[in-house]
Amino acid sequence: NEAADKMGVDVMRWMYCNHKPENNLLFGYHRADEARRAFLLPIWNVYSFFVTYANAAEFEPVETRQSADHPLDCWITAEVQDLVNRMTTELDAYDLSATCSELHQTIDALTNWYIRLSRRRFAGKTTPEDQQKALHTLYDVLITVCQLLAPFCPYITDAIYLNLASGEHGSIHLTDCPAARELSKTEQALLQKTRLMRLIVSLGNAVRSNAKVK
């Protein structure tokens, strides 16, 4: 109880879920700080980022909106749907640590790729229509990711959901889990190309870092 009060219950739950049962559990306040900094803070930062720009643009979600057509929106939407598919398979097999790894990778793609490459769109420096499309996409992604994360970190996800969705269902834990579906050939090709591009960039950054080139 003392550890839960000091670490935060969501952080403690994430540490347990992210742990592979065949390994020793490294538990302590330093490990909790690492878990908070590496995973929960990025999620909260994405939420804070969205709220800042959504409020500035007077954004309101529209249920009858058209599907996203911007390449970045199409990619992150496909990435999150692929996460839903993989998590469904892994949770059916009770593989919590693999599921946590999938969540971590998707949050990294969301924060370090989608948001960074879309900053001009969120700031309204393209067109008002494009800004609204970007905000709608990030809104949908946040809701879906929070629904996937809710069983692991129930409090932070419920807080985010209740603010974004105005408590439509009373709690995120009363909503349906996102459903798995087979990706289209176009979505599969987009994921493959984007993941290859990200790998090439990461390898290039590693070489640059080793050579101490800024």
**Asked** So which of Thr127, Thr99, Thr111 is free of Cβ contacts under 8 Å to residues at least 40 places away in the same chain, out of contact with any Ser or Thr (no Cβ under 8 Å at 6 or more places or on another chain) and hydroxyl-bearing (Ser, Thr, Tyr)?
**Response** Thr127
**Request:** Mind listing whichever residues of the stretch 197-214 are within 21 Å of the chain's Cα centre (by Cα) and either open to solvent by 100 Å² or more (accessible area, probe 1.4 Å) or in contact (Cβ under 8 Å) with a residue 40 or more places away in the chain (or both)?
**Result:** Arg198
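Picking from Asp73, Asp130, which residue would you name as being at pLDDT below 95, open to solvent by less than 30 Å² (accessible area, probe 1.4 Å) and not polar (S, T, N, Q)?
Numbers: Asp73 fails: at pLDDT below 95.
Checking each option against the conditions leaves just Asp130.
In this structure, does Thr89 turn out to be open to solvent by 70 Å² or more (accessible area, probe 1.4 Å), in a helix (DSSP H, G or I) and among the polar types (S, T, N, Q)? Walk me through how you get there before you give the answer.
Details: open to solvent by 70 Å² or more (accessible area, probe 1.4 Å): yes; in a helix (DSSP H, G or I): yes; among the polar types (S, T, N, Q): yes.
So Thr89 passes the test.
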**Message:** Quick check on my filter: what residues within the stretch 42-70 are exposed (fewer than 12 other Cβ atoms within 10 Å of the Cβ) and touching a residue at least 60 places away in the same chain (Cβ under 8 Å)?
**Reply:** Val62, Asp69
**Fill in**
Residues of the stretch 1-41 being assigned to a helix (DSSP H, G or I) and either open to solvent by 100 Å² or more (accessible area, probe 1.4 Å) or farther than 16 Å from Phe152 by Cα (or both), in sequence order, are Glu2, Ala3, Asp5, Lys6, Tyr16, Tyr29, His30, Arg31, Asp33, Glu34, Arg37
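Of all the residues that make up the stretch 140-172, how many are polar (S, T, N, Q) and buried (at least 16 other Cβ atoms within 10 Å of the Cβ)? Reasoning before the result, please.
Taking the stretch 140-172 first, the residues polar (S, T, N, Q) are 144, 147, 157, 163, 166, 171.
Adding the requirement that they be buried (at least 16 other Cβ atoms within 10 Å of the Cβ) leaves 144, 147, 157.
Of the residues in that region, 3 qualify.
The values are calculated or read from the model by the stated rules, or taken from the named source; none is laboratory data. If you're wondering where the values come from, they're calculated on a predicted model, not measured in any experiment. Glycine gets a Cβ as well: all are built from the backbone with ideal geometry, and neighbour counts include every protein chain shown. Side chains included, ligands, DNA and RNA excluded: accessible areas come from the protein's heavy atoms. Shrake-Rupley method; radii C 1.70, N 1.55, O 1.52, S 1.80 Å.
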